[in-house]
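> Right, I'll just put the structure down here and ask away after.
No value in this document is a laboratory result; all are computed from the given coordinates. Model, not experiment: these values are computed from the prediction. Here Cβ is always computed from backbone atoms with ideal geometry, including for glycine, and neighbour counts include all displayed protein chains.
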Amino acid sequence: MKNTGIVLLAVVMPLLAACGGNKVIVGSEDQFVQATPFKALAEEADGTVLTGIGTSEKRSNFTLMREAAVTSAQADLARKVQSKVEAVWKRTMADWSEYKKTDYNEAMSIEEMKTMQKSIVDTELRGPWQSQELVDKASGRYWVRILYSAATAEKYATQRLNNENILKKYFIEAQIKTVQDDLQKDLDSVRQKESADKAKIAELVK
């Protein structure tokens, strides 16, 4: 069994390097007792990091196996990014409720938010991002965990909200400059946090 793990690692490493991922760790059986083999992150619990976990059954073609796991991880992460964007959108609308237009349409707002979510997910989940990858020696199952800065999702949502065309739809025109100034302050703050988040993620995947 030990020799099999060594052979698998020798085959996997050059292939992964070609795919642009991180080092593959061949896990022991006891690592796979839980639902996923990855250790829970305090950074995910406190909202600093968003993660997407994906897996694929053993296949003879490693590239296809890894692609399936990555696709699964991206779908998991996409749901969390969408939730983050929704939170930013709703917070902005709630904070500036006194400046909403009298003809404010909640359905239109939700539709705009969904468009924003799709745009961010489609753009950002193409990568590059940091990932952790594991192979279960017993079953050959492949696991991927993508780590993504929550502040990055918030940054892109805030940037899109700080667009005059969007603001004109939902806020009284006389107050747009005030709203933009506040959004710019939020954006400056979240950019600083994003930098710190990315440094943490880099440490986590070492």
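> I'd like to verify a number: residues in segment 92-126 that are more than 29 Å from GLN175 (Cβ to Cβ) and touching a residue at least 40 places away in the same chain (Cβ under 8 Å), how many?
3
> Inspect all residues belonging to segment 112-121 and state whether any of them is under 30 Å from THR63 (Cα atoms), surrounded by 16 or more Cβ atoms within 10 Å (Cβ to Cβ) and polar (S, T, N, Q).
yes
> Do you know which of the residues in segment 156-186 that are touching a residue at least 24 places away in the same chain (Cβ under 8 Å) and more than 26 Å from the chain's Cα centre (by Cα) is surrounded by the fewest Cβ atoms within 10 Å (Cβ to Cβ)?
The qualifying residue surrounded by the fewest Cβ atoms within 10 Å (Cβ to Cβ) is THR178.
> Scan segment 54-64 and tell me whether some residue there is hydrophobic (A, V, I, L, M, F, W, C), within 15 Å of the chain's Cα centre (by Cα) and surrounded by 12 or more Cβ atoms within 10 Å (Cβ to Cβ).
No.
> Let me ask another. Take ALA75 and decide whether it is more than 19 Å from the chain's Cα centre (by Cα), hydrophobic (A, V, I, L, M, F, W, C) and outside any strand (DSSP E or B).
No; evaluated as a whole, the condition is false for this residue.
> Just to be sure, is VAL121 in a helix (DSSP H, G or I), of a type outside the set (Gly, Ala, Ser) and in contact with a helix residue (DSSP H, G or I) (Cβ under 6 Å, 6 or more places away or on another chain)?
On the way: in a helix (DSSP H, G or I): yes; of a type outside the set (Gly, Ala, Ser): yes; in contact with a helix residue (DSSP H, G or I) (Cβ under 6 Å, 6 or more places away or on another chain): yes.
Yes, satisfied.
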